[in-house]
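The values are calculated or read from the model by the stated rules, or taken from the named source; none is laboratory data. Predicted model only: the values in this text are computed from it and were never measured. Cβ atoms come from the backbone with ideal geometry, glycine included; neighbour counts cover every protein chain shown. Keep in mind that these areas ignore ligands, DNA and RNA; they rest on the heavy atoms of the full protein, side chains included. Shrake-Rupley method; radii C 1.70, N 1.55, O 1.52, S 1.80 Å.
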Amino acid sequence: QVQLVESGGGLVQPGGSLRLSCAASRTIFTFNVMAWYRQAPGKQRELVAAITSSGPPNYADSVKGRFTIASDNTKNTVDLQMNSLKPDDTAVYYCNAADMWRHYWGQGTQVTVSS
């Protein structure tokens, strides 16, 4: 059973920064894709950023230039650095990992951007 554990959420003022971290219970080399999704109240879950073992990371247009996804193969973690945060970034953020059989999800971490 794969476990993904997120950390790093919280309350931040507009323009501030947060760093989310996702720790996987098995080596991330075994996943085809690792990603961060988010879901705001009343909205569908959306892809924020994704990273694979080859090729550049992908980002949603709304976060390009502000968010950076990075993996650490020695720690089996995938982090999401979020800068210049806006109120529209408020959501529950979920870590996702996919192998050839299924997707795995973390429990989510709340990010609230408010003054």
*Share of carbon and sulfur in the accessible heavy-atom surface of the chain [1.4 Å probe, %]*: 49 percent
_Selected from Gly10, Ala60, Ala40, residue furthest toward positive end of dipole (region 1-73; charges at beta carbon)_ = Ala40
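How would you order 73-83, 44-54 from highest to lowest mean count of nearby Cβ atoms within 10 Å?
Final packing ranking: 73-83, 44-54.
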_Separation of alpha-carbon centers, region 49-80 and region 1-34, rounded to whole Å_ = 10 Å
*asked:* To check my understanding: the extent here is largest minus smallest coordinate of the Cα atoms along each principal axis. What are those three numbers for the chain, in Å, largest first?
replied: 40, 26, 24
*Could you grab the relative contact order for region 1-105? Cα pairs under 8 Å, six or more apart, rounded to a whole percent.*
35 percent
*Per residue, how much accessible area does the chain have with a 1.4 Å probe, in Å²?*
55 Å²
_If the only charges are +1 at each Lys and Arg Cβ and -1 at each Asp and Glu Cβ, what is the size of the charge dipole of the chain around the Cα centre, to the nearest 20 debye?_
40 debye
